[in-house]
1. Please go through segment 392-414 and pick out each residue that is touching a Cys at 6+ places or on another chain (Cβ under 8 Å) and crowded, with 16+ Cβ neighbours inside 10 Å.
2. If I ask for residues that are surrounded by fewer than 16 Cβ atoms within 10 Å (Cβ to Cβ) and assigned to a helix (DSSP H, G or I), which ones from segment 281-290 would you list?
3. Looking for whichever is over 17 Å from Phe430 (Cβ atoms), out of contact with any helix residue (DSSP H, G or I) (no Cβ under 6 Å at 6 or more places or on another chain) and surrounded by fewer than 19 Cβ atoms within 10 Å (Cβ to Cβ) here; the options are Arg160, Arg127. Which one fits?
4. Give me a count of the residues in segment 324-341 that are over 20 Å from Ile295 (Cα atoms) and either modelled with pLDDT of 95 or more or among the aliphatic types (A, V, I, L, M) (or both).
5. Considering Lys294, Lys254, Lys259, which residue is buried (at least 17 other Cβ atoms within 10 Å of the Cβ) and basic (Lys, Arg)?
6. Tell me whether segment 270-281 contains one or more residues that are farther than 25 Å from Pro317 by Cα and either of a type in the set (Gly, Ala, Ser) or touching a residue at least 12 places away in the same chain (Cβ under 8 Å) (or both).
7. Quick check on Arg281: is it basic (Lys, Arg) and farther than 28 Å from Asp431 by Cβ?
Amino acid sequence: MLWSLLKVFIFIALVAGLTYGADHLMGMGDLALLTVMGREFVLTPLLAILGAIVLLIAVWLLFKLVGLLVATLRFLNGDETAISRYFNRRAERKGYEALAEGMMALAAGEGRLAIRKAERAEKYLGRPELTKLVVAQGAEMVGDAALATQTFKALVADDRTRFVGVRGLMKQKLAAGDTDTAMKLAEKALAIRPRNEEVQTTLLQLQARHEDWAGARATLAAALKSGNLPRDVHKRRDAVLALAHARDAMAEGKIAEAKRDAETAQRMAPGLVPAAVMAARLAIADGKAKQAEKIVKAAWATDPHPDLAAAFAEIAPGETPAERVKRFKPLIAKHAGHPEAKMLEAELQIAAEDFPAARRALGDLAEEHPTARTLTIMAAIERGAGAEDRLVRAWLAKAVMAPRGMQWVCGGCGHIHAEWRPVCSHCGSFDRLSWQEVAQSDAALMGPAQMLPLIVGALEDSRQQNTEEAEIMDGAPVEDTAQDDTGVTSETARN
């Protein structure tokens, strides 16, 4: 009410001011006397002002007419939108200003403001391929999934924006966990834009999760052809896909198909340990020991791995421990000093009951790089060499608390796998597992630490029982008491 009254007062003041100014100008004398073709014109101040206003309007109209003439000439020259652009120039300027403000709002994280600006821009521009994209992104930013879906579907209906709409729907389905629909949308998006790197990567990941190995290999080939993937990375991933397909074929009893794909995977990536192991075992099953040996040695030269050693042992399952030590020597010599080679040689010497040689092979690995495996090997060496049970138990206790050593670890989420897989079982990443050292966390140590007294106690009970049984067999009396590791004596049952 107050603002309305104030506006009335302002209007009255303006009218009064204009009336006073006009009256003042009319009361002034003549400003000039003009003579044109013998006729005299008296120019008063009021007429001078009115003439100036008329002149400005005439110049403005002249510019407008010239602009219209230019637009007409462009239209006649083939520019079909020249005249419409001329009449809509002001609205177009406002529309683009609103669109620019909407994009700035997106960059600032103000999703609702971006939606309002985009809707205003649509009124002026009539360009849904631009404004709806801003609306969809703003809706995603504020969490309005329904508006985002509706907008993306509208973009799909337009040929110019179909790819953007399909891609947006695909990302929504991925966020919702609907990977089946997301994969179908990714296939449609790739059909529209076959060279789009993001869609290629997404589709490959989804096909790998759904174990569509043939489709994933086709997508991988498309990525290589479009230049979005280096050739060495393509060979590695293609080998992984071939190996995954070989495993499925093996499980289905398709031995010939499994052998073909396993050999293809091993040939493309000789350092891919699971491929080499599978190819070697299939060669062993076919009676091709030389081929299996060649495959294992090629993979071992790239990456020493216990699975390769196990496959190499399967080549001659009937050999004696001494013969196995001799046959493994050239393999171990390729990586002399490598921790895996040291542990392998120590384990072979233990099997051959040559415990001094096993100790020399292991060296100081148990002290410098203690893991569950190295410490367990050391306990076996001590046991075989006739050391006291107390010393053996000490090594085993350390093994319980030690890091697990080398494991298959996902590079995407850090999840540890008991065996190699083409896709991480935790995060679904494709070809991210690598054989690497795992740092032992306090949480991982908590369980083994709690089990340690039970393990040591079980060993003590076993030793005590063996002693008593031996004394009974010899006819010797059984001691009434036994002393534990802490020096505290306890009653034992008499036999």
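1. Cys410
2. To start, the set of residues in segment 281-290 that are surrounded by fewer than 16 Cβ atoms within 10 Å (Cβ to Cβ) comprises 285-290.
Within segment 281-290, Ala285, Ala289, Lys290 meet the criteria.
3. Values: Arg160 fails: out of contact with any helix residue (DSSP H, G or I) (no Cβ under 6 Å at 6 or more places or on another chain).
Checking each option against the conditions leaves just Arg127.
4. 0
5. Lys259
6. The answer is no; no qualifying residue exists.
7. No; evaluated as a whole, the condition is false for this residue.
A quick yes/no check of all residues on (1) polar (S, T, N, Q); (2) closer than 24 Å to Arg127 by Cβ; (3) at pLDDT below 70:
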site	(1), (2), (3)
Gly27	no, no, yes
Ala32	no, no, yes
Gly38	no, no, yes
Leu43	no, no, yes
Leu46	no, no, yes
Ile57	no, no, no
Arg85	no, yes, yes
Gly95	no, yes, no
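The values are calculated or read from the model by the stated rules, or taken from the named source; none is laboratory data. All values reported here derive from a predicted model rather than from experimental measurement. Counting neighbours? That spans all protein chains shown, and the Cβs are built from the backbone with ideal geometry, glycine included.
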